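The values are calculated or read from the model by the stated rules, or taken from the named source; none is laboratory data. Since the model is a prediction, treat every value here as computed from it, not as a measurement. Here the Cβ positions follow ideal geometry from the backbone for every residue, glycine too, while neighbour counts run over all protein chains shown. Surface areas here come from the heavy atoms of the whole protein model, side chains and all, with no ligands, DNA or RNA. Shrake-Rupley method; radii C 1.70, N 1.55, O 1.52, S 1.80 Å.
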Amino acid sequence: MFGINLNENGTAVLRPLEPWRAEEFLAHIDRGRDFIGQYIGMPDINKDLASARGFLQNYAEKSAADAGQIFGIWLDGTLVGGVMFRLFDAKAGTCEIGCWLEPSAAGRGLITKACAVLIDWAVDERGIHRVEWVAASENTASINVAKRLGMQKDGVLRELYLYRGKRHDEEVWSVLAPEWRAGREGRETR
């Protein structure tokens with residue numbers, strides 16, 4: 001199994017999140033259920049081992065179809081969050097990145113670093129031109145990640161989705177391949 005270090009001492013690792021890890025994934029979701037579920041429905045979908053396995057199997061099938069992928073973030077050997085290509089369309093040159101994290105791992109920059117790995121791969125290896133980020137307007141932590149990644153706000157989709165009985169605005173952020181490359185070069189020289 002491969003892993004990509006997200007910090008210098010190797011205690012934070014990004015690796016594929018595959019169906020055989022469903023039990024570990026469900027335990028992680030259970031630890032962070034309320035925190036993760038503030039803005040996304042992942043905890044509502046993954047309520048038991050069968051649904052967790054099905055969720056990860058769906059991403060395995062998306063990966064096989066070149067339509068999406070999911071990766072976990074392990075900190076000190078424990079699954080604490082992840083990032084994904086929620087949507088991936090190489091022919092159109094577009095993708096959407098999503099993320100989640102349990103509270104014990106928040107504030108360490110792990111999501112930003114993991115997303116940078118995904119964007120590097122999408123732009124450099126797959127020729128993706130536009131990387132999107134969609135977040136509830138109230139989700140300031142997620143919007144701050146988009147900003148740290150050098151994304152620009154494209155707009156707000158007012159009251160787009162009904163979640164837990166309330167209509168939420170969603171913000172769409174994006175970075176284009178030339179912008180990503182220019183920003184990356186600037187970050188590497190610091």
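Figures for the structure shown
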item	result
Options Asp44, Asp30: the member that is touching a Gly at 6+ places or on another chain (Cβ under 7 Å), among the acidic types (Asp, Glu) and surrounded by fewer than 20 Cβ atoms within 10 Å (Cβ to Cβ)	Asp44
Flag if Ala141 is part of a helix (DSSP H, G or I), open to solvent by 40 Å² or more (accessible area, probe 1.4 Å) and either within 25 Å of Ile29 (Cα to Cα) or among the aliphatic types (A, V, I, L, M) (or both)	yes
Matching residues in the range 121-138 - criterion: being open to solvent by 30 Å² or more (accessible area, probe 1.4 Å), touching a strand residue (DSSP E or B) at 6+ places or on another chain (Cβ under 6 Å) and closer than 22 Å to Leu14 by Cα	Glu132, Val134
Residue tally, condition within 16 Å of Ile111 (Cα to Cα) and open to solvent by less than 60 Å² (accessible area, probe 1.4 Å), over the range 1-27	11
The range 27-55, residues that are under 13 Å from Gly82 (Cα atoms) and either of a type in the set (Ser, Thr, Tyr) or in contact with a Leu (Cβ under 6 Å, 6 or more places away or on another chain) (or both)	His28
Qualifying residue in the range 86-96 (condition: part of a strand (DSSP E or B), within 22 Å of Glu23 (Cβ to Cβ) and open to solvent by 30 Å² or more (accessible area, probe 1.4 Å))	no
Residue identified as assigned to a strand (DSSP E or B), within 25 Å of Glu8 (Cβ to Cβ) and in contact (Cβ under 8 Å) with a residue 40 or more places away in the chain among Trp100, Trp173	Trp100
Residues that are in a helix (DSSP H, G or I) and over 16 Å from the mean Cα position of the chain (by Cα), drawn from the range 1-37	Pro19, Trp20, Arg21, Ala22, Glu23, Glu24, Leu26, Ala27, Asp30, Arg31, Arg33, Asp34
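Residue-by-condition table, conditions (1) surrounded by 20 or more Cβ atoms within 10 Å (Cβ to Cβ); (2) among the aromatic types (Phe, Trp, Tyr); (3) not in a helix (DSSP H, G or I):
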position: Leu56; (1), (2), (3): yes, no, no
position: Lys62; (1), (2), (3): no, no, no
position: Asp66; (1), (2), (3): no, no, yes
position: Gly82; (1), (2), (3): yes, no, yes
position: Ser104; (1), (2), (3): no, no, no
position: Ile111; (1), (2), (3): yes, no, no
